[in-house]
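Asker: Take this structure first; my questions come after.
A short reminder: the numbers here are calculations on the coordinates, not readings from a lab. Just so it is clear, the model here is predicted, and its values are computed rather than measured. Using ideal geometry, Cβ is built from the backbone for each residue, glycine included, and neighbour counts are taken over all protein chains shown.
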Amino acid sequence: MISIVLYGRNDNYGYNLHKRAALSLNCMAEVLTDPDDEILFVDYNTNDDFPTFPEAIQDTLTERTRRVLRVLRVRPAIHARWKNATHLFTLEPLARNVAVRRSNENNRFVLSTNTDMIFVPRRGTSLTELVRDLPYGYYCIPRFEIPETLWEGLDRKDARGVIDTVGRWGWSLYLNEIVYGSSGNKFDAPGDFQLIERKDLLAIDGFDENMLLGWHVDSNIAKRLAFLHKDTGDLTDACFGYHCDHTRQVTPMHKSASQMNDLDVFVHGVREAQLVGQRDIWGCAKDDIEEISLARPVSQVYVGALETVITEPLQAPLEAGYEFTQYWDKIDYDPRHVLPFLLDLLVCAPRDLRVSYFGGHKAMFELLRVALRRIGFEKDLLVTRENAARLGLPPASAGVAAPDEVFEANIFIFDCVTLEGKAVSDQMSAPNAAMVDDLVRSFGRLVDAERERMRARSGPPRRVVMINALENRFEALVRIYLDYARTPFSSRLRHGFIRPSDKRGPLKVYRERLDRRGLRRWIKTAAATTKN
């Protein structure tokens, strides 16, 4: 009967986002009763390293909500097409269209609303039943405001209790004030409840994706629907809608000087319902949009992969230290300990990304390769043919490729230990010395490639992950060439992105100073130079 359409991203937009969104989602699910009813949340432009917003708050969602909620993920790579045309990180019309295009075709209505609304049906307990026998049309309700202190005190998982309480507060606390609208809108803030015939949205080519600056998307769709419906239906007698106010913290959309879509162009100047110019493309028609299941969230996939590849439990705590004079150049790691931290960096990434591995630690490589398959990565780890031989891989194995292909990956992992998984030292065997030289040379090639990409603006920065490049000779690579995160020592990881070109010297300087004593002095200089 109803497809509720929402959008957002995992960025804590506005005050106490996780609380008001959970309240809203749970209460919406509570008033849906038809087997075809659904809530479609479009997670728009969340960082690839993060889970979607519903995944991040799933433990605060009711079982009923998780059952009816569908999560559609629009990755940053899609938003990149518009990022130079807008200051916003989310594009409302595009996000809503993604949901509309993929909504349940059995449903008559699309309810376009937001993740801060609580609906209180006035006749019975089901929004579904209230709209089931409505005449053909387009319908709205007024929006009543709830002060932040009120909604913040509610139990987000007690949906029925919240609906009853808010409905009572509306009368007892004088919240129920109908504010009429302008620009042809029956009520103020119409976008918080626009009940639209699904077939009408398809016929008029969805929401207008040229609206890139925020505001008035609801007024635009209302104006265009007015060409199909003489009057806007009023469901005030059937349902009240309460808005969880969140303006303590001023968001980009609520700043006094925030940019807005032009009313004269997108409302007053609208002359027809259809958008012929976007007919074949609206809602990312040609993109394969990921659908995320809360029945098996990414955290469950992650733990399952780890438990599959790590087959023996730890019998006693591992031990390590990093005091400079005692442990410099003597640190190594157990790959079973590092894998959870390494996989954590990759588990939310698009599954079609390519990951390249440099190094000769076969145990780490094999654990990572199998774990990536388990979490759904579509392609094998990439390694050069030279590196494949060190790892014991046949030349024709999946993932073994020419250097040019290996350096076209999206993520690069450098494993800074010997072939045996031990700390690199001055007394290395010839095979280990050759491996280290190859690893450093590959790192240098990546530095050059990334800086060229920056100059050419030919794509987003690519993540570099360094395993065991800390408290040893490899740390200089991180300090000088990476804009990196200061991760805990125990993870053995440093990760980040190549810095732009600067005056701190070419990588060949590092190759000339692989001796332990000289590098110690250089580390101190590098640390001072790069200190934030």
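Asker: How do Leu477, Leu6, Leu353 rank when sorted from fewest to most other Cβ atoms within 10 Å of their own Cβ?
Answerer: Fewest-to-most ranking of Leu477, Leu6, Leu353: Leu353, Leu477, Leu6.
Asker: So if we plug the beta-carbon distance of Arg123 and Tyr180 into 1/(1 + (r/R0)^6) with R0 = 22 Å, what FRET efficiency do we get, rounded to 0.05?
Answerer: 0.40
Asker: Can you tell me the dipole magnitude for the chain around its Cα centre, using point charges on the Cβ only (Lys, Arg +1; Asp, Glu -1), in Debye to the nearest 20?
Answerer: For the chain, the charge dipole is close to 1880 debye.
Asker: What distance in nm separates the simple spin-label points at Val303 and Thr149, each placed 7 Å from Cα in the Cβ direction?
Answerer: 3.9
Asker: Between Gln274 and Lys83, what length comes free when the chain is fully extended (0.36 nm per residue of separation minus the Cα-Cα distance, one decimal in nm)?
Answerer: 66.2 nm
Asker: May I pose another question? Which of Lys83/Lys286; Lys330/Lys362; Lys157/Lys230; Lys199/Lys286 have a Cα-Cα distance over 29 Å?
Answerer: Cα-Cα > 29 Å for Lys157/Lys230; rest within.
Asker: Moving on to the next point. Taking the simple approach of a point 7 Å from Cα along Cα-to-Cβ for both Asp352 and Asp288, what is their distance in nm?
Answerer: Between Asp352 and Asp288, the label points sit 0.5 nm apart.
Asker: Which peptide among 127-137, 198-208, 334-344 comes first, and what is the full order, when sorted by highest mean count of other Cβ atoms within 10 Å?
Answerer: 198-208, 334-344, 127-137
Asker: Hey, what do the phi angles of segment 127-134 turn into as Karplus ³J(HN,Hα) couplings, whole Hz, using 6.51/-1.76/1.60 and θ = phi - 60°, x for Gly and Pro?
Answerer: Karplus-based 3J(HN,Hα) across segment 127-134 equals 5, 4, 5, 5, 9, 4, 10, 5 Hz.
Asker: Express in nm, to one decimal, how much length is gained between Ser258 and Ala402 on full extension, taking 0.36 nm for each residue of separation and deducting their alpha carbon distance.
Answerer: Additional length available on full extension: 46.9 nm.
Asker: Sticking with this structure for a sec: Give the long-range amide H neighbours of Glu290: residues separated by 5 or more places, or on another chain, with amide H under 5 Å away, using H modelled in the peptide plane at 1.01 Å from N.
Answerer: Residues meeting the amide H criterion: Arg73.
Asker: Normalising by the residue count of the chain, find the relative contact order in percent from Cα pairs under 8 Å and 6+ residues apart.
Answerer: Reported relative contact order: 13 percent.
Asker: Note the full-extension length gain between Asp188 and Arg453 as 0.36 nm times their separation in residues minus their Cα-Cα distance, in nm to one decimal.
Answerer: That pair, Asp188 and Arg453, stretches by 90.6 nm at full extension.
Asker: Starting from one equal scatterer on each C-alpha and no solvent at all, send me the Debye-based log10 I(q)/I(0) for segment 2-281 at q = 0.12 Å⁻¹, two decimals.
Answerer: Results for segment 2-281 at q = 0.12 Å⁻¹ read -0.72.
Asker: For the residue pair Phe497 and Asp59, what label-to-label distance in nm results when each label sits 7 Å from Cα along the Cα-to-beta-carbon direction?
Answerer: 3.1
Asker: Using only the Cα atoms of segment 298-529, what do you get for the radius of gyration and for Dmax, in Å?
Answerer: 17.2, 52
Asker: In whole Å, what is the distance between the alpha-carbon centres of segment 22-64 and segment 379-428?
Answerer: Using only Cα atoms, the two centres lie 41 Å from each other.
Asker: Please compute the Kirkwood hydrodynamic radius over the chain, one decimal place, Å, based on all pairs of different Cα atoms.
Answerer: About 26.2 Å, per the Kirkwood formula over Cα pairs.
Asker: If you take the charge dipole of the chain about its Cα centre, with +1 on Lys and Arg Cβ and -1 on Asp and Glu Cβ, which of Cys284, Ile498, Ala398 is farthest toward its positive end?
Answerer: Checked the options; the winner is Ile498.
Asker: In whole Å, what is the distance between the alpha-carbon centres of segment 272-341 and segment 151-221?
Answerer: 36
Asker: Same structure again: Quick one: which residues, 5 or more positions from Leu382 or on another chain, have an amide H under 5 Å from its amide H? H modelled 1.01 Å from N in the peptide plane, none for Pro or chain starts.
Answerer: Here Val355, Ser356, Tyr357 satisfy the definition.
Asker: I would also like to ask the following. Counting helices only, and only those DSSP H runs with n ≥ 4, report the 222 nm mean residue ellipticity of the chain as the sum of -39,500 (n - 2.57) divided by its residues, in deg cm²/dmol to the nearest 500.
Answerer: Calculated from helices alone, the mean residue ellipticity at 222 nm is -9500 deg cm²/dmol.
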